[in-house]
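Worksheet for the structure shown next.
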Amino acid sequence: MKLLTTLLIAVLAALGVYSARRRIFFALKTGAIVYVVVLFVRLALDMGSLADRWDQVIWPIFIMLAAWVVLWFATTLYQQRRETRKGSTSASGAARRAR
């Protein structure tokens, strides 16, 4: 249940950022950061009773790390494609102005 409420808090934060800024990648990054922060705060609050439940903590951390790697790769690839499109668009625009 704690995992779902943590996810709900992160989704609500991402939705709030998206509604304010209308930038999907910024909202996704914000939601991911909020999820990580809330997850670690909840883990820190439960640290006393955590010693017996390491098997329950490892899977969420592994899934979160895998999701972070996938999102990092996707946003890096998107940024590279966007920069190459900008470069080709500005070069063709400069050639048209020179004519």
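Read-outs throughout are calculated quantities, based only on the coordinates presented, and are distinct from any laboratory measurement. None of the values given here were measured: they were computed from a predicted structure. Here Cβ is always computed from backbone atoms with ideal geometry, including for glycine, and neighbour counts include all displayed protein chains.
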- Query: How many nm is it between the label spots at LEU77 and VAL57, if each spot is 7 Å from the Cα in line with the beta carbon?
  - Reply: 3.3 nm
- Spacing of the two label points (7 Å from each Cα toward its C-beta) at LEU3 and SER88, in nm: 4.2 nm
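How do ASP55, ASP46 line up, fewest other C-beta atoms within 10 Å first? Don't jump to the answer; show the numbers that get you there.
Working: ASP55 7, ASP46 12.
Ascending number of Cβ neighbours within 10 Å: ASP55, ASP46.
Place a +1 charge on the Cβ of each Lys and Arg in the stretch 2-92 and a -1 charge on the Cβ of each Asp and Glu, then give the dipole magnitude about the Cα centre in debye, rounded to the nearest 20. Let's see the in-between values first.
Details: 11 positive and 4 negative charges, 132 e Å.
The dipole magnitude comes to about 640 debye.
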- Message: I need the Kirkwood Rh of the stretch 2-92: take the reciprocal of the average 1/r across all distinct C-alpha pairs and report it in angstrom.
- Response: 15.2 Å
